[in-house]
1. Among the listed pairs Lys2/Lys175; Lys2/Lys101; Lys9/Lys189, which have their C-alpha atoms separated by more than 19 angstrom in this model?
2. Can you give the calculated 222 nm mean residue ellipticity of the chain, where each DSSP H run of n ≥ 4 adds -39,500 (n - 2.57) and the sum is split over every residue, rounded to the nearest 500 deg cm²/dmol?
3. What fraction of the DSSP beta bridges in the chain is antiparallel, stated in percent and rounded to the nearest 5?
4. Run the quick spin-label model on Thr163 and His143: label points 7 Å from Cα toward the beta carbon, then report their separation in nm to one decimal.
5. For Glu128 and Tyr91, what does the FRET efficiency come to when R0 = 22 Å and r is the distance between their Cβ atoms, rounded to the nearest 0.05?
6. Find the percent of Cα-Cα distances in segment 95-216 that exceed 25 Å, and round it to a whole number.
7. When ranked by the protection proxy of mean other Cβ atoms within 10 Å per residue, highest first, what sequence do the peptides 1-10, 144-153 form?
8. Quote the relative contact order of the chain in percent (integer), defining contacts as alpha-carbon pairs under 8 Å separated by 6+ residues.
Amino acid sequence: MKLVAGNWKMFKGTSETLAFFDAFEAPAGVEVVVCPPFTSLSLAAGRGVPVYAQNVHWAVEGAFTGEISAQMLLELGVEGAVVGHSERRQYFGETDETVRKRCEAALEAGLRVIACVGETESEREAGETGAVLRRQVAAIPPHEALVIAYEPVWAIGTGKTATPELAQQAHESIKELHPTRVLYGGSVKPENAVELLAQPAIDGALVGGASLEPGSFGAICRAALA
Ligand code: 13P
């Protein structure tokens, strides 16, 4: 079964979260997950769709202002967390080492994990994609509750999707390093989802912008059934 996860990023406070769930119904036959911002997690949990956080700290508790632990998420009914998203790497100092610590702590606590990898445009142009993916994947612990999301940074929020062939190739190389399910992320829309999700090494999608509308997110979830 394919997995389609909606990463809402810093969108949707409580009222918009409620409106989303009023209008959204996940189709049967596909594993659907939503990742709201922290303040909407407790409201989103228990509405029939598994809820993941967008980040998680490695400590159980402590003097870590602004951070949230796996135990705190579990107490809300949250089932998993995204770790190492490129926006965390780019703007908030996330490193391969902190990705490893977050993954290990989340898995140990019983959360599922979507761990993100992907090269920037300049890394791709410099022919460094393979080396970047090897380095990032090496920091991700193998675990049956963990999937990897391949999100080429140049395709996130830009409307530039990786071609299905390019994504297929990257997914194959990730699976050689780490035998796990690999989701594709980066400008996934209802219009390109069928073709991307038809690639044999693409096991699902991590959707940003198009997951905010129940209609377009539902269409992408249904594309995973094709
Ligand atoms: P977009 O689908 O908006 O390009 O975002 C992708 C992403 O970063 C999902 O985590």
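Every number in this text was worked out from the coordinates using simple rules, so none of it is lab data. What you are looking at is a predicted structure, and each value in this text was computed from that prediction instead of being measured. For neighbour counting, all protein chains shown are included, and Cβ atoms are generated from backbone atoms with ideal geometry for every residue, glycine included.
1. On the way: Lys2/Lys175 16 Å; Lys2/Lys101 27 Å; Lys9/Lys189 16 Å.
Beyond 19 Å between Cα atoms: Lys2/Lys101.
2. Numbers: 10 runs with 88 residues, N = 226.
It lands at -11000 deg cm²/dmol.
3. Details: 0 of 27 bridges.
Antiparallel bridges: around 0 percent, rounded to the nearest 5.
4. In this crude spin-label approximation the distance works out to 3.7 nm.
5. Details: r = 21 Å, r/R0 = 0.95.
The computed FRET efficiency comes out at 0.60.
6. Details: 1575 of 7381 pairs.
Across segment 95-216, Cα pairs with separations above 25 Å total 21 percent.
7. On the way: 1-10: 20.5, 144-153: 22.0.
Final packing ranking: 144-153, 1-10.
8. Numbers: 469 pairs, mean separation 48.0, N = 226.
Here the relative contact order equals 21 percent.
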